[in-house]
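Down below is the structure, laid out as structure tokens.
The values are calculated or read from the model by the stated rules, or taken from the named source; none is laboratory data. What you are looking at is a predicted structure, and each value in this text was computed from that prediction instead of being measured. With ideal geometry, Cβ positions are generated from the backbone for all residues, glycine too; neighbour counts draw on all protein chains shown. When the accessible area is computed, the model is the full protein with side chains, heavy atoms only, and any ligands, DNA or RNA have been set aside. Shrake-Rupley method; radii C 1.70, N 1.55, O 1.52, S 1.80 Å.
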Amino acid sequence: MPGSCRAGIVMVVKLPSTIRSVLVQTSRQTLDAGTGRSTDFSDARENQRRRGFVPRSPACEASFGSQIAFRIVLWRMTYPKFEALKPEPKSCSKNQELAGSLMHRAVLDTEGKYVMLWTPGEEDITFEIQVATKGYVGLGFSPNGGMAGSDIVLGWVTDGGEVMVQDSYATGYSQPLKDDQQDVELLGGYQNDTHTVLRFSRPWSTCDEQDFELSSDTVRVIWAIGSEDPAGDLMRRHDHRGTKSLTLKGPQFTLPKFSEDVKHWDVLSPNVTIPNNLTTLYWCKLFKIPPITRKTHVIGYVPIVQEGNHQHVHHILFYECHLEDSARHYEKWLDVQGAQCYGANMPISWKKCTSPLVAWAIGGEGEVLPDNAGFPIGEEHGGATYFMMEIHYDNPDLKEGVVDASGIRIFHTENLREHDAGVMMVGHVVTPIQIVPPNEKWVSVGHCDSSCTNKELPGSGVQVFQGLLHAHLLGRKLLLRQIRDGKELPIQLKDENYDFNYQQTRIFKDEMTILPGDSLITECYYDASKRNTPSFGGFGTEEEMCLAFLSYYPRVNLSICASQPHIDEILDGIDVEEVKNKDRILSVLLERGYVYIICLLLHM
Ligand code: HEM
């Protein structure tokens with residue numbers, strides 16, 4: 001390819017996957033030369049930088065309430081130099097103090113046979129499992145949801161009433177082995193005619209290599225139910241087993257007693273039949289805010305999960321929809337029951353519903369905004385008039401006849417809070433020029449550059465009270481870094497075990513301040529080792545994203561602060577040295593997205 005490119009007719013066609021594959025195969029051969037392949041995430045970012053895929057075009061996008069005006073500023077920047085954060089030394093001290101009453105509850109299976117309750121303490125976490133069996137029970141934490149490599153607490157109650165727990169680990173599909181160091185403390189337990197109930201605690205970090213370190217990251221909890229107690233040192237394989245993603249370190253939620261001015265809006269998605277041939281269903285439905293006579297603030301929400309369906313309703317996202325002339329685009333869909341999200345039947349305009357106001361996932365009880373902030377609703381007041389709710393249903397056992405009407409209850413008031421809150425999207429621009437090559441691990445980086453924050457943020461900055469990290473199916477680890485005056489600040493938002501199927505807002509213990517001049521870097525670590533064709537940025541679940549949604553106050557006009565790689569980097573990356581009609585290509589590029597240019601080059 002070098003030097004042989006001819007920019008002929010610009011072809012506006014979508015790349016067939018075979019051609020895409022050729023593209024990235026070609027690019028990989030070139031890019032890998034002299035750099036070595038990266039399979040380790042820690043090297044991946046550096047490798048990516050060396051390969052020339054450093055995003056160089058940050059974009060600031062300002063939104064002005066209902067009149068959404070886009071002002072996209074593109075300029076070149078280099079990867080900012082800064083003093084990176086040094087890892088904190090790990091504290092391995094153990095606090096034997098017990099936590100209080102149990103705060104959170106989740107049903108882990110679809111039959112309601114396995115219930116887990118837990119309370120996150122400062123140093124320890126206390127669990128109670130209530131399982132419909134008189135045999136053994138297993139509760140584990142796994143790096144990937146599988147049995148192999150997991151850290152398992154095994155427990156049972158003997159016929160004589162003795163309660164047993166054992167800290168174990170699994171090396172494969174065989175009986176788990178007892179840990180050399182026992183880090184689980186039994187707090188109580190019993191067995192009745194139907195159930196085995198166990199309460200125990202363990203430190204978040206045990207400093208034991210045979211244990212899984214628990215944190216605020218998403219964790220794949222695995223569970224197993226045996227029909228018999230172990231006999232001596234031997235036990236039989238489980239009757240039932242499964243996996244569920246959860247975050248264990250959420251704050252305690254108590255719904256305050258609101259004053260009379262606080263009204264609620266129930267956003268429900270009735271009559272959704274969960275198909276018996278899909279293990280996962282994403283169901284989307286459009287809503288319009290209730291009639292309001294004056295400016296109104298949303299100040300919190302609670303989930304409304306239909307009784308009996310807790311094991312199926314896995315997570316709910318509620319997005320603001322912003323399109324100019326929104327009524328024309330959305331009004332007609334309000335009576336439609338809904339559509340499978342991001343599928344062929346979902347109207348295109350729904351894809352513009354991207355700014356999440358609510359992100360609830362199993363285990364979460366709801367949320368109330370800080371006292372001094374509220375999200376305005378209604379376009380005339382700087383918020384959105386139309387919203388899309390996305391519900392993720394789980395049906396691993398392919399049960400038949402499950403019909404659901406779950407949703408959320410949104411609390412709002414005309415008694416306005418001091419500040420309007422907003423959601424700012426930072427990270428990588430959603431564009432097909434974000435390329436994740438097949439058969440390897442990869443990192444995409446999105447910059448919200450200091451020149452953007454300098455221009456758009458007030459002198460005192462903004463206060464971020466919660467964040468949501470977002471990638472699609474390939475996302476494994478996501479984090480947001482903040483740089484001020486050349487120094488990295490402590491990371492407030494990260495997930496080392498990201499699971500697309502379990503996205504939940506992280507409420508910050510201490511609000512994060514973003515000052516003018518700060519830079520934000522969103523890093524997304526992907527695992528495409530099981531994909532044979534490249535993946536591109538886009539809205540479909542098979543396409544990729546790399547974003548962080550930050551809820552903050554006071555609301556400013558900056559709604560998107562993101563970057564994308566410069567076309568020259570991509571061209572360099574696929575070994576194109578010369579391009580004719582570059583101006584023309586650039587104009588098409590801005591209109592259509594870079595993928596078409598790559599397509600054009602490939603047809604030369
Ligand atoms: C004697 C003890 C055990 C044996 C022989 C055993 C064996 C196996 C085998 C053969 C499978 C694959 C087939 C299947 O899906 O059923 C499996 C899967 C699984 N096991 Fe076990 N198991 C044992 C104990 C446990 C315990 C205590 C847990 C506790 C959490 C557990 C969790 C799981 C999970 C979550 C899976 C499905 C995920 C995967 O395929 O890796 N197992 N086990």
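Just the number please: accessible area per residue for segment 428-515, 1.4 Å probe, all protein chains included, in Å².
Here the residues of segment 428-515 average 33 Å² of exposed surface.
Give me the percent of accessible area attributable to carbon and sulfur for segment 262-414, probe 1.4 angstrom.
50
Quick check: net charge around MET389, other residues with Cβ under 13 Å of its Cβ, Lys/Arg +1 and Asp/Glu -1?
Net local charge, MET389 excluded: -1.
I need the phi-derived Karplus couplings for segment 233-243: 6.51 cos²θ - 1.76 cosθ + 1.60, θ = phi - 60°, integer Hz, Gly and Pro marked x.
Taking θ as phi minus 60°, the curve returns 8, 10, 9, 8, 5, 5, 7, 9, 7, x, 9 Hz for segment 233-243.
Considering only protein heavy atoms, what per residue accessible area in square angstrom results for segment 283-368 with a 1.4 angstrom probe?
Spelled out: the 1.4 Å probe surface of segment 283-368, per residue, equals 41 Å².
Run through the DSSP bridge list for segment 104-247 and note the antiparallel percent, rounded to the nearest 5.
Approximately 100 percent, going by the DSSP bridge assignments.
Rank by packing, highest mean first: peptides 294-304, 507-517, 444-454, with packing defined as the count of other Cβ atoms within 10 Å averaged across residues.
The packing order, highest mean first, is 444-454, 294-304, 507-517.
Is there a pair in LYS81/LYS530; LYS257/LYS399; LYS257/LYS332; LYS263/LYS352 whose C-alpha atoms are over 30 Å apart, and which pairs would that be?
Among LYS81/LYS530; LYS257/LYS399; LYS257/LYS332; LYS263/LYS352, the Cα-Cα distance tops 30 Å for LYS81/LYS530; LYS257/LYS399; LYS257/LYS332.
Between LYS178 and ARG105, what's the calculated FRET efficiency when r is the beta-carbon distance and R0 is 41 Å? Round to 0.05.
Taking R0 as 41 Å, the efficiency between LYS178 and ARG105 is 0.90.
Pull up all non-local amide H partners of ASP229: gap of 5 or more, or a different chain, and H-to-H distance under 5 Å with H placed in the peptide plane.
Result for ASP229 returns TYR136.
With a 10 Å radius around each residue's Cβ, average the other Cβ atoms per peptide and rank 235-242, 366-373, highest first.
Highest-to-lowest ranking by the protection proxy: 366-373, 235-242.
In the neighborhood of SER326, defined by Cβ-to-Cβ distances under 13 Å, what is the net charge if each Lys or Arg adds +1 and each Asp or Glu adds -1?
It works out to a net charge of -2.
Regarding segment 325-379, what's the average projected area of the Cα-atom convex hull, expressed in nm²?
Reported value for the Cα convex hull: 5.8 nm².
Need one word for segment 346-446: rounded, prolate or oblate. Basis is the Cα gyration tensor (sqrt eigenvalues a ≥ b ≥ c); a/c below 1.5 gives rounded, then a/b vs b/c decides.
The shape class here is oblate.
How would you rank 397-408, 308-319, highest first, on the average number of other Cβ atoms within 10 Å across their residues?
Descending packing order for the listed peptides: 308-319, 397-408.
Between beta-carbons, use under 13 Å as the cut-off and find the net charge around LEU255, counting Lys and Arg +1, Asp and Glu -1.
0
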